[in-house]
Number of protein chains: 2
Amino acid sequence: MNAVRVRSVESYVGGRWHAAADGTVVNNAVTGEPIATVSSAGIDFAAMADYARTVGGPALRELTFHDRAGMLRALGKHILADTEALYALSTATGATRADSWIDIEGGAGVPMAYAGVGRREMPNAKVMLDGDPVSLSRDGSFMGAHIIGPRPGVAVHINAFNFPCWGMLEKLAPTFLAGMPMIVKPASQTAYLTELMVRSIVESGILPEGSLQLISGSAGDLLDHLGPQDAVAFTGSADTARMLRTHPNIIDNSIRFNAEADSLNAAILAESATPGTVEFDLFIREVVNEMTTKAGQKCTAIRRVIVPSGLVADVEEALAERLSGIRVGDPAADETDMGALASLDQRDEVRRSVAALSGVADVVVDQCEFHGVDAERGAFLAPTLLRATDNRAIAVHSVEAFGPVTTIVGYDGAADAVEIAALGKGSLVASVFSPSDDEAAELALGIAAHHGRVHVMDEACGRSSTGHGSPLPQLVHGGPGRAGGGEELGGVRSVHHYMQRTAIQGSPDKITAITGVWTPGSRRTDSGHPFTLHFEDLQLGDAIETESRTITIEDIEAFAELTGDFFYAHMDEEAAKASPIFNGRVAHGYLVLSIAAGLFVYAPPGPVLANTGLDNLRFAAPSYPGDELTVFLTAKQKSLRAGSGYGEVRWDAEVINQRGETAATYELLTMVACRPEGDAA
Amino acid sequence: MNAVRVRSVESYVGGRWHAAADGTVVNNAVTGEPIATVSSAGIDFAAMADYARTVGGPALRELTFHDRAGMLRALGKHILADTEALYALSTATGATRADSWIDIEGGAGVPMAYAGVGRREMPNAKVMLDGDPVSLSRDGSFMGAHIIGPRPGVAVHINAFNFPCWGMLEKLAPTFLAGMPMIVKPASQTAYLTELMVRSIVESGILPEGSLQLISGSAGDLLDHLGPQDAVAFTGSADTARMLRTHPNIIDNSIRFNAEADSLNAAILAESATPGTVEFDLFIREVVNEMTTKAGQKCTAIRRVIVPSGLVADVEEALAERLSGIRVGDPAADETDMGALASLDQRDEVRRSVAALSGVADVVVDQCEFHGVDAERGAFLAPTLLRATDNRAIAVHSVEAFGPVTTIVGYDGAADAVEIAALGKGSLVASVFSPSDDEAAELALGIAAHHGRVHVMDEACGRSSTGHGSPLPQLVHGGPGRAGGGEELGGVRSVHHYMQRTAIQGSPDKITAITGVWTPGSRRTDSGHPFTLHFEDLQLGDAIETESRTITIEDIEAFAELTGDFFYAHMDEEAAKASPIFNGRVAHGYLVLSIAAGLFVYAPPGPVLANTGLDNLRFAAPSYPGDELTVFLTAKQKSLRAGSGYGEVRWDAEVINQRGETAATYELLTMVACRPEGDAA
């Protein structure tokens, strides 16, 4: 049917590049000329899923969280090392250099950020504890814990057209950190850019074979071949989300489905942010940014500009003035502020949405001059500013024009602003502009339940803010209701989506064996002073029960003298007795801690290099003069810092007195050296 | 149509009891006689949902987590104070006293446990922080945090017939702790018992009006009236779960849907748990318990008894012997071990399932003597033990006989056991019986991804274990795939299901105002020494910048002398220099901490009663002799212990040196007294 002489965008399936002869023609957004064909015809989707599960999954699960974090870091660096081909091709999507920066370098930033999450917030292990173990019996012989561990399935990622690189990478990072292989299916419209990035990643050899596969074109019957250990994550329209979510196989197998759908995001100008305030200016700047960046094709872009009724005219005027300075045209030109939409179809769709809004909104701005392009052949559109004639009209809060379009909506009082924002029935993000802490808190807390993210803008963060529309790796991205009810990103939170949380019950020794973290009540082993053992030689449960030491009143007085801590409960018998909690003078908590250290320290140079910190210290009972303290110190958790020559060891410390009472419990953190190179065990 | 003279089970709607004239007849499980009719005819479900949202929701959201925890505690105590009427009525469901104990007292234990979760793990506030705030800019002027806050919707709970009390209470507790009103719809078969409990709860006046409503009978068109802020939680069959999950309104509004469906739970006898071991005996006891408790009508009951091929005969013999001693009959009789199924329909259903299994399994036991009952008129059934003829037959791993029925399945080697367990395609729970830590860990980690809970049983926890089949409030209950893909319980984890997580971005002051927790970089206020302020008078951000103190070598030596901590890095210049991290002798970390306390302490008696603990201490830089330390101590978070006369205050502590470097950061926990009664501010 189609005689266009353009290349076909390929898929990467089962370790090979796959080309389909015919396919849907995709056009350059700027010139309207054909650029490629896209088709997934001929792919065996069942085999593809199986390849991920049997080749990619096992290879990823062999690695620890830190190993995979290292892989993500290498991946991010690899992409950043050579971005020019990506930038060049990205122009065809209508993106300016600034738009492409978000997609390409912003995209590469996600695996880099997740590399940090993996190294800092996850252990160098294959499963991780979720919360502390809890005792399930009076005597502590029956314990419960939760582990988060890998799932032997495949993650299928179905992405939107607007961010062909970032859209892939923001899902890739948590998926790989979780140890799950993935199959990515970008939107056909801009699949050629995703293909280029996947080629570069595959060629780098950084990822284990089978861990990343690409479908260019339709996902065919892939979903029919998924099972209960698989996961599907989708970004795109609510209609497609609905279709995928009700897929019989997804329903029958309770397959995890995470959706992030477009929504009617709001920016709220607070009443105190009047013209002349920094916040008013920031508001105007941000609305214009959100209208024009990516030509407004962001799922997070501001669609509803919610402003005090009395300020509508000021906001209109200020926005119209700023918009008149926006240069729309060739995205490759340096001076261009706004490029093209991704396709002519997309422009038609936006025009239809604007028409749907025209019944309930007046046009404030919808014209501009186009620079150096044929605006009709390319998918160009003027920034379009509307003003709602009825601030509760359904269309204003439900019709999303996915382009450089936004609608001004008036409100009266904070409660009204919250109600109006909630009419969006769930959004990805809203921003609040206010100089006042109280006003900002009232608005932010009022709208929080309806949003995945709330951005508060004020003078203090005016320069440093990354803006309303930018999802960040550290913060969750998603929202309730119309926004799909899903969650992505948010650091380690999104890694959990690709893992299974399992409650574990059993005796302390069994919990220790399964979690890889020593659990209170487990066996303690005396292998000599554990501070004499190198990282590799130290085993969980290696412990020391120290000598005892009696605290004297002289100790307390000397400690007060040395430290300057003359708190009455340590120094004054009568005053201490009058306190509601003490029976008389007590030892300083820090004296207890210091005496404990004196009891368990191993003084000569050895593998323990330093005490780097301490967690969860609780003084369970006061220590009085005459109390005799003993410490149990037990190796609780080990996490190797690969390549650094040392590891972190977390110790369980318990200080008990002669009555068998626990005086203090805490976790001690130490750096422990690995064996010198060449040393055998 | 129906002339049965029995009472109708009522609904509680909009603050009034609602009776429907006709209804489905429900029979006594033991005698087969009609006991009640059930119908929800005449209920305006839209108004019911609205009542929850507009009356119950606002009342609950006025309360803090601690207030609601107190309410749950009162509720649990109220139920436990008078259980006899519930026990008496419960007999009609076929339950023995021991069965009813799980339902009634086990049920009341859930709100009690959640009261503890609320008081211990949540702040005395209306929103809570999720994780620590993170800096999103180099200069710290732009921060991000996550809050978990209430949703202004209604939770709809659709429950199974087997636990009419526990089933309601295990969903009620996290829902109310979250601040959400609920509508409960128990299964009609045993709705009369739920009704009795709801009557008692309503009469107690403990819960705010509108926070609890009851539907006896069909849920009608209730789901059509739900929106994006609502939630649906379901326990029951996979078929019903499928129907609910695909309800168009649930899909269109991304309404949160949590399902907990029946599954083919397994008990795995490890190879080392041979006859004669304690674990073998525990295994036999547990399988029999799970077959007979509640006549096997538990979603968690063991359906697949996975044993080493070589031990199948031993297991068969031991189970058959134990089953022969089980007395089946009148649940009201003390000597009865197993009562009736919940209904004759239910028995028919189980018989159909056994028939479906008969093609792939041989019968080992299926007869028993019935004591004091007409076993055909009542819903009685003999414990039924099957042995799979093909250990991978689909029916064995997919047909759930929801009664006193289980199937023995042989395996060869741990990997085979894991594969066989996974054939269940996702289960709520599996148990592993092994004396060996390594073997147990291999099996538990192998099956973890397919289960919501894994129970490891050994001699050490043989007496204290609560058993394979008991979900506990502290541990998650749910499972992937066939088990519904949902999660309930698990302490605070399930509270989150009824709340919204929202990322907040902004300047530190704004983050502080919104989260109610002082955020680094926020304003610090000098209101005099903050330790002189009573709990009510202390504001977030109240801070002290202390005087400075220079550490001397004499301090270090005196501290070593006093504490006994002669670690070489403090005492030996050459050895310290040789260490990879120090440039010479350094101060003890605990000396730094103690000097800091000496700098910020307020010595005379005052509102600060005690330092109770310390969190997240990190020594960021070594402190050398000559270093001059200053402390910034700032009120970070307040949580009132209502009725105790004091509150907990968490302080942000930062120790800096004369170079402006951070030597240590931590959070200090103190008990701070409230103003004496009668004192005005």
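Numerical summary
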quantity: Any pair with Cβ under 7 angstrom, 6 or more apart, that starts in the stretch A:68-92 at a residue that is in contact (Cβ under 8 Å) with a residue 60 or more places away in the chain and ends at one that is part of a helix (DSSP H, G or I) and open to solvent by 70 Å² or more (accessible area, probe 1.4 Å); calculated: A:ALA69/A:ARG119
quantity: One residue from B:PRO520, B:PRO530 being in contact (Cβ under 8 Å) with a residue 40 or more places away in the chain, touching a helix residue (DSSP H, G or I) at 6+ places or on another chain (Cβ under 7 Å) and either at the interface with chain A (Cβ under 8 Å from one of its Cβ atoms) or not hydroxyl-bearing (Ser, Thr, Tyr) (or both); calculated: B:PRO520
quantity: Condition check for B:GLU321: part of a helix (DSSP H, G or I) and free of Cβ contacts under 8 Å to residues at least 12 places away in the same chain; calculated: yes
quantity: Filter result for A:ASP239 (within 13 Å of another protein chain (Cβ to nearest Cβ), open to solvent by 40 Å² or more (accessible area, probe 1.4 Å) and part of a helix (DSSP H, G or I)); calculated: yes
quantity: B:SER11 in contact with a Gly (Cβ under 9 Å, 6 or more places away or on another chain), surrounded by fewer than 23 Cβ atoms within 10 Å (Cβ to Cβ) and not assigned by TED's automatic domain parsing to the domain that holds B:ASP334; calculated: no
quantity: The stretch B:520-545: number of residues that are part of a loop (DSSP other than H, G, I, E, B) and under 37 Å from the mean Cα position of the chain (by Cα); calculated: 11
quantity: Elements of type strands (runs of 3 or more DSSP E) in the stretch A:578-681, at least 3 residues being more than 13 Å from chain B (Cβ to nearest Cβ); calculated: A:628-641, A:646-656
quantity: Residue among B:ILE255, B:ILE326 that alone is in contact with an Asp or Glu (Cβ under 6 Å, 6 or more places away or on another chain) and closer than 26 Å to B:GLU400 by Cβ; calculated: B:ILE326
quantity: Some residue of the stretch B:458-466 being part of a helix (DSSP H, G or I), at the interface with another protein chain (Cβ under 7 Å from one of its Cβ atoms), out of contact with any strand residue (DSSP E or B) (no Cβ under 7 Å at 6 or more places or on another chain) and open to solvent by 10 Å² or more (accessible area, probe 1.4 Å); calculated: yes
quantity: Residue count for the stretch A:228-263, restricted to those that are acidic (Asp, Glu) and more than 21 Å from the chain's Cα centre (by Cα); calculated: 2
quantity: A:ASP67 vs. criteria surrounded by fewer than 23 Cβ atoms within 10 Å (Cβ to Cβ), among the acidic types (Asp, Glu) and within 21 Å of the chain's Cα centre (by Cα); calculated: yes
quantity: Residues that are assigned to a strand (DSSP E or B), open to solvent by 10 Å² or more (accessible area, probe 1.4 Å) and closer than 26 Å to B:ALA448 by Cβ, drawn from the stretch B:489-519; calculated: B:ARG501
quantity: From B:SER254, B:SER204, B:SER237, residue being in contact with a Pro (Cβ under 7 Å, 6 or more places away or on another chain) and of a type outside the set (Asp, Glu); calculated: B:SER254
quantity: Residue list for the stretch A:8-32, filter: closer than 30 Å to A:PHE370 by Cα and in contact with a helix residue (DSSP H, G or I) (Cβ under 9 Å, 6 or more places away or on another chain); calculated: A:THR24, A:VAL26, A:ASN27, A:ASN28, A:ALA29, A:VAL30, A:THR31, A:GLY32
quantity: Answer from A:ALA81, A:ALA41, A:ALA98 - the residue that is open to solvent by 50 Å² or more (accessible area, probe 1.4 Å), under 18 Å from A:LEU172 (Cβ atoms) and among the small types (Gly, Ala, Ser); calculated: A:ALA81
quantity: Filter result (within 30 Å of A:LEU177 (Cβ to Cβ) and either buried (at least 22 other Cβ atoms within 10 Å of the Cβ) or β-branched (Val, Ile, Thr) (or both)) within the stretch A:520-534; calculated: A:SER522
quantity: Selection from the stretch B:130-186 of residues that are among the small types (Gly, Ala, Ser), within 14 Å of chain A (Cβ to nearest Cβ) and in a loop (DSSP other than H, G, I, E, B); calculated: B:GLY131, B:SER137, B:GLY140, B:SER141, B:GLY153, B:GLY179
quantity: Residues of the stretch B:378-399 satisfying the condition of being buried (at least 24 other Cβ atoms within 10 Å of the Cβ) and within 19 Å of B:ALA160 (Cβ to Cβ); calculated: B:ALA379, B:LEU381
quantity: Evaluation of B:GLU439 against (1) more than 7 Å from chain A (Cβ to nearest Cβ); (2) assigned to a loop (DSSP other than H, G, I, E, B) (one fails), failing number; calculated: (2)
quantity: B:ALA301 vs. criteria under 26 Å from A:SER254 (Cβ atoms), among the hydrophobic types (A, V, I, L, M, F, W, C) and either in contact with a Lys or Arg (Cβ under 8 Å, 6 or more places away or on another chain) or open to solvent by less than 10 Å² (accessible area, probe 1.4 Å) (or both); calculated: yes
quantity: In the stretch A:668-681, the residues that are crowded, with 16+ Cβ neighbours inside 10 Å and free of Cβ contacts under 8 Å to residues at least 60 places away in the same chain; calculated: A:LEU668, A:LEU669
quantity: Tally of residues being touching a helix residue (DSSP H, G or I) at 6+ places or on another chain (Cβ under 6 Å) and not hydrophobic (A, V, I, L, M, F, W, C) across the stretch B:167-183; calculated: 4
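Quick grid of which residues meet (1) at pLDDT below 95; (2) of a type in the set (D, E, K, R):
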residue: B:VAL4; (1), (2): yes, no
residue: B:GLY15; (1), (2): no, no
residue: B:HIS18; (1), (2): no, no
residue: B:GLY23; (1), (2): yes, no
residue: B:ALA29; (1), (2): yes, no
residue: B:ILE35; (1), (2): yes, no
residue: B:ALA49; (1), (2): no, no
residue: B:LEU60; (1), (2): no, no
residue: B:ARG73; (1), (2): no, yes
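The values are calculated or read from the model by the stated rules, or taken from the named source; none is laboratory data. Note that the structure is a prediction, hence the values are computed from the model and not measured. Glycine also receives a Cβ, built like all others from the backbone with ideal geometry; neighbour counts cover every protein chain displayed. Areas reflect the complete protein model, heavy atoms only, side chains present, ligands, DNA and RNA absent. Shrake-Rupley method; radii C 1.70, N 1.55, O 1.52, S 1.80 Å.
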